[in-house]
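Right, one structure below, let's go through it.
The values are calculated or read from the model by the stated rules, or taken from the named source; none is laboratory data. This one's a predicted model, so the numbers in the text were calculated from it and none came from an experiment. Because the Cβ atoms are built from the backbone with ideal geometry, glycine has one as well, and the counts that use them run over all protein chains shown.
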Amino acid sequence: MSASPLLSVRTGATSARDVETAARDLARQIAQPAAAATIVFASPVYDLAALGPALVRRFPGLLVGCTTAGEITPRGYATGTLAGFSVASAAFEAHAISLSPLAAASRDAVEASLTVARRTLEEARQRRPSASAFGLLLVDGLSIMEEQVAAVLATALGDLPLVGGSAGDGLDFRNTYVLANGTFVKDAAALLLCVTTLPFTVFKTQHFTAGEQRVVITRASPARRLVHEINGRPAAAEYARLVGVTPEDLGPELFSNHPLMLRFGGEYYVRSIQRAHEDGALTFFCAIDEGVVLRLARGENLVENLAEALATAGRRVPRPALTIGCDCILRRVEIMTKDLTGAVDALLTAYHVIGFSTYGEQFGSLHVNQTFTGIMLGEGGG
């Protein structure tokens, strides 16, 4: 917990599996009467139909959250837990906007929500002329709509710094949920608009660079993020050949170490593979299309890269009190397989990171993969 005359942040987590016990335990750690916002990250092991009402009973104010592919708690990485934080400050206000259904992004209901978001942001800025604003976006991680949602929000909200993550469900890829209006729902997003005079910064980092090996997507089903052919050959077999394994070896561990990269706007972004299918196709975590040229990625030191990113953000924010972290599940897979958990946990704890492992990350108008995106909030006062 961090508290100053300007800011009170409470963080916590519980491994209790009973819904009522877990909600009560988390509330004991993070509930505060004057909270401007409470955000929770729930393992998919919970009975979500019961968890939503249980949380509402204990956190009556603004409450949003999502399911995870793993949680980041006050002690670092965890699985099977309910984690979260609350923020209270006279210098901080927050407003939640729900977007649903995502598959109908141009429909009246979503357009009305965006109108509310714009008006809410304008009114908050009028109340606090010296304040700045940022957005936290939580999206159904299996909706295949993150690119569209991020782009629509960027258009609606202008240059608002936007960071977020796609909800997960371990590595099952079956059902992912966002907590909005007291209920865990699919095909939805929750946008938290925050306006504050406290110092903050948004950041992202990835520990991959583009290699020399080029590959071409020659047949794909873009609406499903499905690639059938790479270099004119069955996708899984060709990818396996390029990284020096057999198709039978393909899985999360290998995908985490050998992603592909796309050049966009002069910068390279990771395009991670979600899973291989029996018919030889590959599903990606991000948008993919026929004719796209990618490069095989080269990995760098993940721990050093994360340490530098957090240190750089920390230099921008006096007295960091909270870092909201959206961390790709494939990063966690790599961290676990390379026995880096202790070193990463130490960094996450030192910078007060609370968040979750995602099925993709949002940064500005982009949906990205295998990155850590974050919002660091400071107490201010030097």
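Only one of (1) more than 17 Å from P252 (Cβ to Cβ); (2) in the same structural domain as S8 (by TED's automatic domain parsing); (3) β-branched (V, I, T) fails for T337. Which number is that?
Failed condition: (1).
Let me confirm something: among R119, R107, which residue is at pLDDT below 80, in the same structural domain as D172 (by TED's automatic domain parsing) and of a type in the set (D, E, K, R)?
On the way: R119 fails: at pLDDT below 80.
When all the criteria are applied, what remains is R107.
Please go through the stretch 1-28 and pick out each residue that is under 24 Å from F200 (Cα atoms), surrounded by fewer than 20 Cβ atoms within 10 Å (Cβ to Cβ) and either free of Cβ contacts under 8 Å to residues at least 40 places away in the same chain or not polar (S, T, N, Q) (or both).
Listed by number, the residues that qualify are M1, A3, P5, L6.
I want to confirm something. Restricting to the stretch 319-342 and keeping residues that are surrounded by 22 or more Cβ atoms within 10 Å (Cβ to Cβ) and either without any contact (Cβ under 8 Å) to a residue 40 or more places away in the chain or small (G, A, S) (or both), which single residue is nearest to S166 (Cα to Cα)?
By that ranking, first place goes to G325.
Within the group V293, V202, which residue is modelled with pLDDT of 95 or more, more than 26 Å from R174 (Cα to Cα) and under 21 Å from the mean Cα position of the chain (by Cα)?
V202
Working carefully through the options L179, L198, L162, L191, find the one that is touching a residue at least 40 places away in the same chain (Cβ under 8 Å) and within 30 Å of E300 (Cα to Cα). Explain how you work it out, then say what you get.
Numbers: L179 fails: within 30 Å of E300 (Cα to Cα); L198 fails: within 30 Å of E300 (Cα to Cα); L191 fails: within 30 Å of E300 (Cα to Cα).
Matching residue, one of L179, L198, L162, L191: L162.
Restricting the search to the stretch 143-160, which residues are small (G, A, S) and either surrounded by fewer than 18 Cβ atoms within 10 Å (Cβ to Cβ) or modelled with pLDDT under 85 (or both)?
Here is the first cut: in the stretch 143-160, the residues small (G, A, S) are 143, 150-151, 154, 156, 158.
Passing the criteria: A151, A154, A156, G158.
Quick one: count up the residues across the stretch 118-134 that are in contact with a helix residue (DSSP H, G or I) (Cβ under 7 Å, 6 or more places away or on another chain) and within 21 Å of G355 (Cβ to Cβ). Walk me through it before giving the result.
Residues of the stretch 118-134 in contact with a helix residue (DSSP H, G or I) (Cβ under 7 Å, 6 or more places away or on another chain): 118, 121, 131, 133.
Subset that is within 21 Å of G355 (Cβ to Cβ): 133.
Matching residues across the stretch 118-134 total 1.
Would you list the helices (runs of 4 or more DSSP H) that sit entirely within the stretch 285-376 and hold 2 or more residues that are of a type in the set (K, R) and within 22 Å of F200 (Cα to Cα)?
Answer list for the stretch 285-376: 302-316.
Do you know which residues across the stretch 232-267 are assigned to a loop (DSSP other than H, G, I, E, B), over 20 Å from the mean Cα position of the chain (by Cα) and in contact (Cβ under 8 Å) with a residue 12 or more places away in the chain?
G232, L250, G251, H258, listed by residue number.
Can you name the number of the only condition in (1) surrounded by fewer than 18 Cβ atoms within 10 Å (Cβ to Cβ); (2) at pLDDT 95 or above that L306 fails?
Just one mismatch for L306, condition (1).
Find the residue count for the stretch 161-173, including only residues that are crowded, with 19+ Cβ neighbours inside 10 Å and not hydroxyl-bearing (S, T, Y). Show your work before the answer.
Keep residues of the stretch 161-173 that are crowded, with 19+ Cβ neighbours inside 10 Å, which gives 162-169.
Narrowing the set further to residues that are not hydroxyl-bearing (S, T, Y) leaves 162-165, 167-169.
Matching residues across the stretch 161-173 total 7.
May I ask you to verify whether V216 is surrounded by fewer than 17 Cβ atoms within 10 Å (Cβ to Cβ) and either at pLDDT below 95 or farther than 26 Å from A94 by Cα (or both)? Quick ask: steps written out before the conclusion?
Values: surrounded by fewer than 17 Cβ atoms within 10 Å (Cβ to Cβ): yes; either at pLDDT below 95 or farther than 26 Å from A94 by Cα (or both): yes.
Criteria met by V216.
Within the stretch 208-231, which residues are more than 26 Å from the chain's Cα centre (by Cα) and at positive phi?
N231
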